[in-house]
Amino acid sequence: MLVSTEAISLNYVKYSETSIIVKCFTKSDGLKSYLLKGIRTSKKKKINIGFFQPLTQLEIDANHRNNGGLEGIRSVKIINPYKTIHLDIIKNCIVMFLSEVLSKSIKEEEKNFALFNFLKNSIIWLDQSNKFSNFHIHFLIKLLSFMGIYPDLSNQNLNSFNMIDGVFCKYDRTEYCVTGEIVSNFKSFLGTEFDDSVDEVNTSVKRKKLIEFLIKYMQIHLPDFKRPTSLNILYELFG
């Protein structure tokens, strides 16, 4: 079935000597993987590997058989081309980190307009913003709701957080009950937007602790979710 759809490139891996397999989140069908044969050859191609840098926004014509296998792309063009992300080393690293998180967390091959629009609009915001030091934390916390693991806010007045149940609680000294500054900083992001500065989290140390908390929480609740390898690079840049 020939489909024209917007898509967001998540990542690609080399396949054989000349080809790649690209993973995209599409507006029409959710997560899709495409085999692009011969794209790594030196010959000039209508479709080149530069189209599939992390979180590039695309418009594609693709053959979707919807049988769980690799699909094919007929044509592709970049839409909403970024003006700053690929020129700013920190923004570029944030995008690499988030694309890895999304590749490890999104599994379903089904359309999800809300998630697609969230991804699309979030990266456009990053591209246009000059104040983005906490962007990736905002993004991760907002992503929790799309993964179905957003915390229960009914007892938000309590000072600890049970990572297994996803609820705020009284501290009980068990392994997955977290308390202290991390929980306070976590609360400060809940219900906020990207434009909100969240002044409580204003150092690289605080950001690192909160990100590690969020990654651990995702590992607990998302099957096969592994700690992103790009995190260490992100820490070095923000450090």
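Since every read-out is calculated from the coordinates, none of them should be taken as a lab result. Here the structure is a predicted model, which means the values were calculated and not measured. Note that each Cβ is placed from the backbone with ideal geometry, even for glycine, and that neighbours are counted across all protein chains shown.
The table that follows gives values for the structure above.
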read-out: Cβ charges +1 (Lys, Arg) and -1 (Asp, Glu), total dipole of the chain, debye; value: 1040 debye
read-out: All lysines inside 20 Å of LYS131 as judged from Cα atoms, apart from same-chain residues fewer than 8 positions distant; value: LYS83, LYS91, LYS120, LYS142, LYS206, LYS208
read-out: For region 129-197 versus region 202-235, the gap between their alpha-carbon centres in whole angstrom; value: 13 Å
read-out: Neighbourhood charge, 15 Å Cβ-Cβ cut-off, centred on PHE213 and excluding it, Lys, Arg +1 and Asp, Glu -1; value: +3
read-out: Rounded to the nearest 20 debye, dipole of region 1-81 from Cβ charges on Lys, Arg, Asp, Glu; value: 360 debye
read-out: Amide proton proximity set for ASN11, modelled H, under 5 Å, gap of 5+; value: LYS23
read-out: Low-density loop positions, GluC sites (Glu not before Pro), region 146-210 - DSSP coil, at most 10 other Cβ in 10 Å; value: GLU175, GLU193
read-out: Percent of Cα pairs exceeding the 20 Å cut-off, where the set is region 1-60; value: 22 percent
read-out: Debye-sum result for region 80-221 in log10 I(q)/I(0), which assumes one identical scatterer on each alpha carbon, at q = 0.09, 0.12, 0.18, 0.20 Å⁻¹; value: -0.29, -0.51, -1.12, -1.33
read-out: Where N is the number of residues in the chain, Cα Rg divided by 2.2 N^0.38 Å; value: 1.09
read-out: Note, ³J(HN,Hα) from phi for region 105-113, Karplus 6.51, -1.76, 1.60, rounded to Hz, x at Gly and Pro; value: 10, 8, 10, 7, 8, 8, 5, 8, 4
read-out: Using θ = phi - 60° and Karplus 6.51 cos²θ - 1.76 cosθ + 1.60, couplings along region 147-155 (whole Hz; Gly, Pro as x); value: 8, x, 10, 5, x, 6, 9, 5, 10
